[in-house]
1. Would you please put 134-143, 250-259, 217-226, 103-112 in order of how densely packed they are, using the mean number of other Cβ atoms within 10 angstrom per residue and starting with the highest?
2. How big is the charge dipole of segment 3-332 about its Cα centre, in debye rounded to the nearest 20, if each Lys and Arg gets +1 on its Cβ and each Asp and Glu gets -1 on its Cβ?
3. Leaving ligands, DNA and RNA out of it, report the carbon-plus-sulfur percent of the accessible area of segment 3-332 at a 1.4 Å probe.
4. Counting only heavy atoms of protein chains, what accessible area per residue, in Å², does the chain have with a probe of 1.4 Å?
5. For the chain, take the longest principal axis of its alpha carbons; what is the angle in degrees between that and the long axis of helix 245-259, to the nearest 10 within 0 to 90?
6. With runs of 4+ DSSP H residues as the only contributors, calculate the mean residue ellipticity of the chain at 222 nm using -39,500 (n - 2.57) per run, divided by the residue total and rounded to the nearest 500.
7. On each of the three principal axes of the Cα atoms of the chain, give max minus min coordinate, whole Å, ordered largest first.
8. Place the peptides 181-193, 69-81 in order of packing, highest mean first, counting for every residue the other Cβ atoms within 10 Å and averaging per peptide.
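The values are calculated or read from the model by the stated rules, or taken from the named source; none is laboratory data. Since this is a predicted model, take the numbers as computed values, not measurements. We place every Cβ from the backbone using ideal geometry, glycine too, and count neighbours over all the protein chains shown. SASA here: full protein model, heavy atoms, side chains in, ligands and nucleic acids out. Shrake-Rupley method; radii C 1.70, N 1.55, O 1.52, S 1.80 Å.
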Amino acid sequence: MSEAMVQILTLFHSGVVYGVIILFGALGEIITEKTGHLNLGVPGIMYLGGISGLMASFFYENNNPDANTAISIILAIVFAFIGSALGGLIYAFLTISLRANQNVTGLALTIFGSGFANFFGGMLNSMSGGVGQISVATASNGFRAYISAIAGNDTKDPLYAIFGYGWLAYVAIALAVILYFVLNKTRVGLSLRAVGEDPATADAAGINVTKYKYFGICIGAGISGMGGLYYTMDYIKGTWANDGTIEALGWLAVALVIFTTWKPLNAIWGAILFGICYWSYLYIPGLDRSSSEIFKMLPYLFTLAVLIVVSLRKKRETQPPAHLGLPYFREER
C-alpha cells in the first residue's frame, strides 16, 4: 500500500474518532432545537457528562482489584447521562418555567459545566497522585474495545479504518438513524417537531407543550453528555485533561447542527468531515503545527457557507424550527 493511501486511512480514522464526540453533542442539540430551544450550553453539558461518568467509574474501580468491566461501563453511562440530563433540566427550568433568556442561560450553563467538571477533575487528579494518574483502566479498556477479529491490529489495514473503533462510535451512528426515524415516523417525534414549529397550534391540538419541551431538552442533554463520556473514556483513555478541548468540541457540535440543517443523518458525515478538517494539517506536506489554527477554522467556515446558501434558497426543509429561540407564553395564545 502506498504511503499516500496509508496517510488517507490514518486521517480518516482520526477524523471519525474526533467526529464521534461532535456527533453525540450535535444529536442531542438537534433534539433540543426541535423543541424550539437554542441551547448554547452544549459544551457545559458535555463537560458534565464526561466528569460524571469518569467519577462513577473511578469511585467504583478505586482500590477494587476485582472491578467488573460491565458494571464499570454501566455506571459510567448511567451517571454520565443523569449528570448531563440534570444540566438540561436546569436549562429547561430556567427557560421554560422561569422564561429566562435562552442564549444567556445556555452560556451560563457552559461556564458552570466547565467549572464544575474541572473542579472535580482536579480533585480526582489530586486523589490519584497527579495529573494523568487517574486510573479507570477497566472501564476505559471496555469502552475502547473493538472487533479485532475483523479489524486486526494493523492501523494501515483498510478494515481497521472501518472497524477499529470503540463500540460507542457505532452507537452514535445507530443513534442518528434511530433519531431520524423517531422525529419523522413516530407520533412522539412529530409532536416534538410541532412544538418547535408552532407551539400555540400544538397546544390547541391537545399537545402538552411544556411536557414535550422538558422531555426533549433533558433527553437531548443526556445524549450530548455521551460525547463528553466518549472523550474521557475512549479518546483520552480514562483520565481528565483540563485543556479546554471538550468546550471546543461542544461549539463544533452546535455548528454541526446548523451545517447539517437539523437533519440527524447528515450529522453522521458532517461530524466525520469536521473531524478530518481538524486533523488534516498533519497530513498536508509543507505545513507544520503553526498552521493548525487555520484548519480548526474550516468547520465554522463551512457552517457560514451553509447558512448563506440556506438563507438564499429559503427552502422550508433546510430552515431551523420556526419557533427556535422564542419564548412561548400560553396566555398569549
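1. Numbers: 134-143: 22.9, 250-259: 24.4, 217-226: 28.0, 103-112: 18.3.
Descending mean neighbour count gives 217-226, 250-259, 134-143, 103-112.
2. Numbers: 18 positive and 18 negative charges, 162 e Å.
The calculation lands at about 780 debye.
3. Working: 9830 of 14790 Å².
Carbon and sulfur together cover 66 percent of it.
4. Working: 15130 Å² over 333 residues.
Per-residue accessible area for the chain comes out at 45 Å².
5. Taking Cα atoms only, the helix is inclined about 50 degrees.
6. Values: 14 runs with 230 residues, N = 333.
Only helices count here, giving -23000 deg cm²/dmol.
7. So the extents along the principal axes, rounded to whole Å, are 60, 47, 37.
8. Numbers: 181-193: 15.2, 69-81: 20.4.
Highest-to-lowest ranking by the protection proxy: 69-81, 181-193.
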